[in-house]
Amino acid sequence: MSSRRPPWIIALVGFAFGVALVMSAGTRTAIAQPKAPAIVPAPQAPTLTTPATLGAKPGDEVELTLTGTNLADAVGITLGCPAKITIPGDNKNGTDAGKLRVKVAVDPKCAIGLYTVRVATKNGISNARPFIVDTLPLVASTNANRAKDTAQAVTTPCVASGAVAAEASEFYKVKVDAGQKLAFEVLARRIGSPLDPIVVLHDAKTKRELVSLYADDTPGMQGDCRLAHTFKEAGEVLVEVRDTTHRGGGDFFYRLRIGDFPGATTAYPLAAERGKSVSVGFSGPDTIPAVSTTAPKDPSVAAFYAVPTSGKDAGWPVPVLLTDYPQATEQEPNDEPAKANKLPVPGGVSARFDKAKDMDHFAITGKKGQKLVISVATFEVNAPTEVLVRVLDAKGVEVAKSNPAAPVNRLEFTPPADGEYVLACEQQNFLNGPNEVYYLSVVPAGPDFSVALAFDRAEVPVGGSTGILATVTRLNGFAGAVDLSIDGDTALSGKVTLPANQTIVFVPLQAKEGAKAGAYPFRVKATATAGDATVTRYGTLLDAVRAGLSGMPNPPAELLNQCAVGVVEKPPFVLKATFAPAPLEKGKPGKLLLDATRGEGAGEDIVIAPLFLPPTIVPAVKPIAKGQTKGEIGLTVQPATPVGSTQLVFRVTTKAGGKDYAFTVITTADVIEAKKEEPKKDPPKKEEPKKDAPKKEEPKKDVPKKEEPKKDVKKEEPKKDAPKKEEPKKDVKKEEPKKDK
């Protein structure tokens with residue numbers, strides 16, 4: 001069944017998505033908001049290409065051969081199920097880059113289902129590949145069974161594991177007894193294979209197809225198929241497995257389960273409240289007894305699994321969603337509004353259209369002006385049902401309705417007045433039956449958020465750091481700060497605060513000094529105060545998980561928040577960086593000074609490219625030349641740059657030992673207002689009057705100028721010219737008459 005819904009200075013090591021360069025320890029607050037970059041695996045990281053035929057029974061010990069690239073020098077394995085894992089050291093195991101042998105001893109109490117396996121090497125950690133735990137005995141395909149005449153004989157119960165070639169089928173011969181009931185179920189899409197399987201039974205004697213014994217796209221199985229039949233006579237049948245469009249190849253793997261086990265479409269109820277006791281039944285063609293259990297309390301766990309058992313063998317498990325509010329199951333009769341089941345708000349209910357023209361009604365209490373989110377989950381829980389929801393007021397008048405064809409079947413409804421409202425639910429295509437189940441929930445539309453992660457793995461050196469790119473989607477008007485942290489082994493740590501109204505941030509991931517090299521699972525936890533409540537969410541990897549599982553429409557919920565980091569010991573080179581000046585000033589240029597310590601064989605150019613920078617800080621990058629150890633990145637800090645901590649991220653590529661390496665440099669710069677700092681930086685200007693005091697004394701030096709009139713005093717001139725007043729004494733004319741006597 002396909003879904004209609006679209007699916008400061010820290011030593012920096014060059015590894016995979018990145019060894020971060022965090023400018024200070026502790027919690028940082030990211031400010032500037034560029035667009036989210038594309039994150040890709042580094043070329044030196046290991047890659048698993050092993051077909052998903054890997055698996056074991058609970059309690060068994062098996063030796064597996066993993067295939068892929070860069071698998072040499074393995075330092076650890078991470079497996080999603082409880083198991084003891086060792087890497088044999090014989091026969092030069094661990095030296096071949098293309099394959100690696102590992103031994104897995106699965107815990108006897110391990111639940112059956114889909115898990116994942118990864119390999120960590122001295123250079124990083126691999127992608128995840130499926131690992132299947134099943135109680136049925138495993139039989140590997142001989143690959144010589146691609147014709148009816150060469151069908152591979154198997155005994156029941158069993159699970160046959162193989163891969164379908166293009167334009168080919170695989171055949172198995174099964175002996176049956178009179179009155180024996182057997183189920184034939186193909187696991188392909190549900191374990192990450194691109195195979196769209198079909199199963200057909202043939203008469204082993206005549207080789208003719210038993211036309212009625214055919215299965216394709218069984219409801220609730222995401223495109224997989226299951227056929228159950230009770231044989232009237234003893235004999236042999238041939239079981240054919242192929243792709244519906246005759247595609248094939250090494251990745252078109254499958255697991256064919258054959259045995260006396262029930263077929264469950266979904267769990268019922270479809271959801272349970274965390275920490276509460278619950279009796280889980282099953283929907284589907286068979287009558288299966290309910291299983292009593294207690295739902296997990298862990299807020300990081302999105303679902304748990306229930307295993308249907310009614311025959312000799314266990315059926316394949318189905319998920320039960322986990323919620324934080326009360327849950328109920330539909331109680332008939334509720335075909336009329338007057339007989340509506342009461343549903344608390346917030347609350348959820350599991351229901352079923354079990355008869356023709358069935359309609360279900362649920363009564364809720366609405367408060368004027370309080371927006372409610374009414375959601376229906378069907379394909380999300382592998383049910384085939386399409387549901388139309390209509391909201392009726394006290395008079396039976398429709399005031400709102402959902403759109404079953406929308407990517408997400410939900411509607412927002414704000415009651416115009418206090419009172420009771422009825423949710424009328426009907427099957428959009430008027431179908432009914434044991435498979436037609438759905439999950440309805442009603443919650444207030446309070447401030448909220450979700451977190452999406454760009455990549456599911458990273459590498460980090462012992463004592464170093466890396467970063468995980470997270471995008472926060474704000475819902476229902478939430479605009480506050482969000483605290484994000486690494487949730488995992490005690491060897492790992494890291495946290496950051498995303499400011500109000502921001503959406504993108506790199507979460508630091510640090511490995512403490514003394515940490516053991518190997519593979520470590522972790523999650524990204526996000527907490528915020530939204531309204532009057534503290535909201536906790538976990539980062540999810542829907543796109544990455546889908547891609548790793550060949551586009552599976554609805555990947556297992558428990559896989560969506562699982563990340564892994566490879567802790568490594570010896571990097572090919574170390575890079576240190578410092579900001580100059582520190583902190584950076586708005587409107588002024590700055591630099592990021594780089595200092596590389598090269599290991600043996602790491603002498604090539606170190607190429608640096610911007611990956612994630614605020615639009616108001618413009619870098620000028622150039623490579624660190626071959627054989628050189630110094631470099632710098634020029635930074636133009638524009639006046640519009642926000643004040644505070646800002647992440648600057650660069651992708652660095654180089655060669656070491658002839659191999660390509662790529663990593664990410666994550667720096668956190670502090671930006672300050674330049675104008676506010678100028679008075680503090682220019683205190684000497686205030687002392688200038690003291691240093692220039694002599695200038696004020698200049699008038700004293702120029703006092704003689706004021707005395708010049710004393711030197712040239714005109715009043716003294718008569719003193720110098722006094723003889724002129726005595727001239728009449730020398731020329732006395734009165735003595736002339738004495739000479740004439």
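The distance from the alpha carbon centre of region 350-415 to that of region 516-550 is 29 Å, rounded to a whole number.
For region 416-447 versus region 89-137, the spacing of their alpha-carbon centroids is 44 Å.
About the Cα centre of the chain, what is the dipole size in debye to 20, counting +1 per Lys and Arg Cβ and -1 per Asp and Glu Cβ, all else neutral? Numbers along the way, then the final one.
Numbers: 96 positive and 87 negative charges, 948 e Å.
Using only the charged Cβ atoms, the result is roughly 4560 debye.
Shape call for region 138-259 from the C-alpha gyration tensor, a ≥ b ≥ c root eigenvalues: rounded (a/c under 1.5), prolate (a/b greater than b/c) or oblate? Verdict is prolate for region 138-259.
Would you list M221, M359 from fewest to most Cβ contacts within 10 Å? Provide the component values of the computation, followed by the final result.
Working: M221 23, M359 15.
Fewest to most other Cβ atoms nearby, the residues stand as M359, M221.
For region 478-573, GluC sites (Glu not before Pro) are listed when DSSP marks them as loop and at most 10 other Cβ atoms sit within 10 Å of their Cβ; the list is E513.
Taking a ≥ b ≥ c as the square roots of the eigenvalues of the Cα gyration tensor, region 553-618 is classed as oblate, since a/c reaches at least 1.5 and a/b does not exceed b/c. Computing Rg and Dmax of the Cα atoms in Å directly from the structure and comparing it against (1) 40.3, 200; (2) 35.7, 132; (3) 30.2, 110 singles out (1). Separation of region 617-647 and region 468-508, taken as the distance between their Cα centroids, equals 25 angstrom.
Within region 625-677, the GluC sites (Glu not before Pro) that combine a DSSP coil assignment with at most 13 other C-beta atoms in a 10 angstrom radius are E673. Simple spin-label estimate for A178 and I87 gives 5.9 nm between the two label positions (7 Å along the Cα-to-Cβ direction from each Cα).
Given a Förster distance of 56 Å, report the FRET efficiency between A674 and S300 from their Cβ-Cβ distance, rounded to the nearest 0.05.
0.80
When the Cα positions of A500, G124, P299 are compared along the charge dipole of the chain, A500 comes out farthest toward the positive end, with charges on each C-beta of Lys, Arg, Asp and Glu.
Given K181/K297; K84/K655; K35/K368; K181/K205; K173/K355, which pairs have Cα atoms separated by over 29 Å? The answer is K181/K297; K84/K655; K35/K368; K173/K355. Give a quick list of chymotrypsin sites (Phe, Trp or Tyr not before Pro) in region 478-582 that DSSP marks as loop, anything other than H, G, I, E or B, with at most 13 other Cβ atoms within 10 Å. Nothing satisfies the criteria.
How far, in nm, would the chain grow between T329 and N476 when pulled straight, counting 0.36 nm per residue and subtracting the alpha carbon separation? Kindly include the intermediate steps, with their values, before the conclusion.
On the way: separation 147, 0.36 × 147 = 52.92 nm, distance 2.85 nm.
Stretched out fully, the T329 to N476 stretch lengthens by 50.1 nm.
Determine the calculated [θ] at 222 nm for the chain from helices alone, applying -39500 (n - 2.57) to every DSSP H run no shorter than 4 residues and normalising by the residue count; nearest 500 deg cm²/dmol. When only DSSP H runs of four or more count, the value is -2000 deg cm²/dmol.
Each reported figure results from applying straightforward, stated rules to the coordinates on display, with no laboratory input. Keep in mind that what you see is a predicted model, and the values were worked out from it rather than measured. Note that we place each Cβ from the backbone using ideal geometry, even for glycine, and neighbour counts take in every protein chain shown.
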